[in-house]
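Encoded as structure tokens, the structure appears first; notes follow it.
The values are calculated or read from the model by the stated rules, or taken from the named source; none is laboratory data. Keep in mind the model is a prediction, meaning the values are calculated, not measured. A quick note on method: Cβ atoms are made from the backbone with ideal geometry, for glycine too, and the neighbour counts reach across all protein chains shown. When the accessible area is computed, the model is the full protein with side chains, heavy atoms only, and any ligands, DNA or RNA have been set aside. Shrake-Rupley method; radii C 1.70, N 1.55, O 1.52, S 1.80 Å.
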Amino acid sequence: MFGPVSDRGLVRRYYLYRATISVGFITPIFTLFLLRTLTFTQVGVLSAVCSALSVVGEIPTGYVGDRLGRRASLLLSVLFTVTSLAGFVLASGFLWYGFLYALWALALTLRSGSLDAWLYDTLSERLDSGQFSHIRGRGDAMQNWTAAVSMVVGGLLYGLDPVYPFVAAVGFNSLGSIALLSLPKNRQYADRGGDADSGDRLDPLETVAVIRTHLARPPLRALILYIGLFYAVLSVSHTYIQPMAVETLGPYVAALGVQVPAGGPIAAARAGEAGAALALGLGVLYAALTAVSSAGGYYAGAIEARLGVRKAVIVVPALTAVALVVPLWIALVALPTFATIRTAKPLVQPIANGYINDHVEAVGRATLLSAVSMSYMALRTPLALAAGVAADATTATTAVAALGGLFLVAGGAVWLFGTIAPEAVTASGDRASKSAS
């Protein structure tokens with residue numbers, strides 16, 4: 001369907017695909033959409049179910065990516081994403097939402113390992129794998145910039161009708177299939193019409209052995225545990241940005257003369273009666289935060305060059321955890337905290353994933369990266385449940401602060417008793433680790 005593409009054009013097409021996987025239309029209003037009929041605890045259960053299903057699905061879907069090809073796995077991810085989004089337009093209720101969360105989890109697992117595996121292998125084949133952090137980070141930035149624009153539109157649409165943002169997301173995310181078809185297959189799959197050479201393919205038993213060899217031992221073991229806990233805390237915290245924004249900033253908005261619905265902003269938001277003003281405000285807030293967060297991905301390569309892998313992946317998560325705790329006492333600090341939540345992962349993830357890619361072989365790369373994602377989701381599952389219960393018993397702000405405190409304690413223990421991102425000989429041999437710089 002698409003002809004040969006230059007190296008520069010290949011990178012542009014990758015950025016285009018990254019733009020199409022943005023879910024900005026629904027991001028600023030998603031939790032409020034669920035809270036129309038669910039409690040915080042039920043939202044936490046759904047989040048935990050998604051995480052648990054991701055744990056179960058990561059290895060099989062990573063194996064699909066290595067067996068059928070990374071692009072085929074990404075196409076399936078688009079299909080399940082669009083199906084899940086369409087479901088929120090047509091169905092409601094806890095059980096239906098649980099089914100749609102399951103589809104969403106499947107979409108995420110199909111993409112989690114294959115996306116980075118495709119990029120890393122493509123750079124190795126045609127450019128330089130040493131550019132992974134730079135290009136991957138700029139892909140994050142492109143995704144965030146697209147999300148920033150669509151978030152404002154999503155807030156406006158939610159004010160008209162709560163399902164309109166999902167309708168817009170279905171149309172936009174469907175474009176991902178076209179963007180993917182414009183990308184070439186990795187060489188080992190293209191040479192065999194979609195299947196890898198038998199020498200480049202792992203059977204299930206070999207897959208388990210490779211995972212154990214690479215991920216359960218130094219130099220990756222401590223890094224995966226530390227970063228996995230960090231991603232889990234960030235992911236769960238992100239769920240509570242919307243109610244936390246209403247809790248912490250609502251009184252200041254009311255003091256400026258903005259009319260707050262009867263019963264207060266929290267009650268109105270949970271009842272689905274907050275109206276267009278709140279929805280638009282959240283859309284603008286999320287857009288601003290996302291625009292700021294794009295700097296994280298955009299400058300990930302520069303931060304890696306400046307600090308080195310080890311300092312970057314240790315210091316950024318620790319400072320982020322502190323930022324989660326402070327709004328419990330100083331409400332206005334919530335705004336920079338939201339920005340930190342949105343910026344930290346795009347900054348750290350390209351650096352960490354580049355380090356992981358450097359320490360694994362090309363064979364089974366998607367499966368190994370899916371195994372890494374599985375560890376993150378395994379840590380996220382109990383945190384999602386606990387945070388939901390805590391938010392119902394106290395406030396969303398308290399639940400987020402507890403997550404930050406947990407990371408400072410548990411992450412500090414990993415740092416104290418393990419060696420995070422030590423300098424070592426890379427598996428690919430394409431670049432040296434900068435962790436000691």
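Check whether at least one residue in the stretch 381-392 is more than 19 Å from the chain's Cα centre (by Cα), modelled with pLDDT under 90 and open to solvent by less than 30 Å² (accessible area, probe 1.4 Å), and report yes or no.
Taking every residue of the stretch 381-392 in turn, at least one turns out to be more than 19 Å from the chain's Cα centre (by Cα), modelled with pLDDT under 90 and open to solvent by less than 30 Å² (accessible area, probe 1.4 Å).
If you take the residues in the stretch 312-340 that are open to solvent by less than 10 Å² (accessible area, probe 1.4 Å) and among the β-branched types (Val, Ile, Thr), which one is farthest from ALA300 (Cα to Cα)?
Among them, the one singled out is THR337.
Considering only residues that are assigned to a helix (DSSP H, G or I) and open to solvent by 20 Å² or more (accessible area, probe 1.4 Å), which ones fall in the stretch 99-127?
Selection gives PHE99, TYR101, ALA102, LEU103, TRP104, LEU106, LEU108, ARG111, SER112, SER124, GLU125, ARG126.
Could you tell me whether any residue of the stretch 24-38 is modelled with pLDDT of 90 or more, open to solvent by 40 Å² or more (accessible area, probe 1.4 Å) and within 25 Å of GLY154 (Cα to Cα)?
no
Would you confirm whether any residue within the stretch 218-234 is at pLDDT 75 or above and under 18 Å from THR395 (Cα atoms)?
Yes: one or more hits.
For the subset of the stretch 71-98 comprising residues that are of a type in the set (A, V, I, L, M) and without any contact (Cβ under 8 Å) to a residue 24 or more places away in the chain, which member is least open to solvent (accessible area, probe 1.4 Å)?
Across the stretch 71-98, the extreme among qualifying residues is ALA91.
For the stretch 308-353, which positions are of a type in the set (Lys, Arg) and more than 15 Å from the chain's Cα centre (by Cα)?
Those that are of a type in the set (Lys, Arg) and more than 15 Å from the chain's Cα centre (by Cα): ARG310, LYS311.
Given the conditions (1) in contact (Cβ under 8 Å) with a residue 60 or more places away in the chain; (2) over 13 Å from ILE21 (Cβ atoms), which single one is not true for LEU123?
LEU123 satisfies every listed condition except (1).
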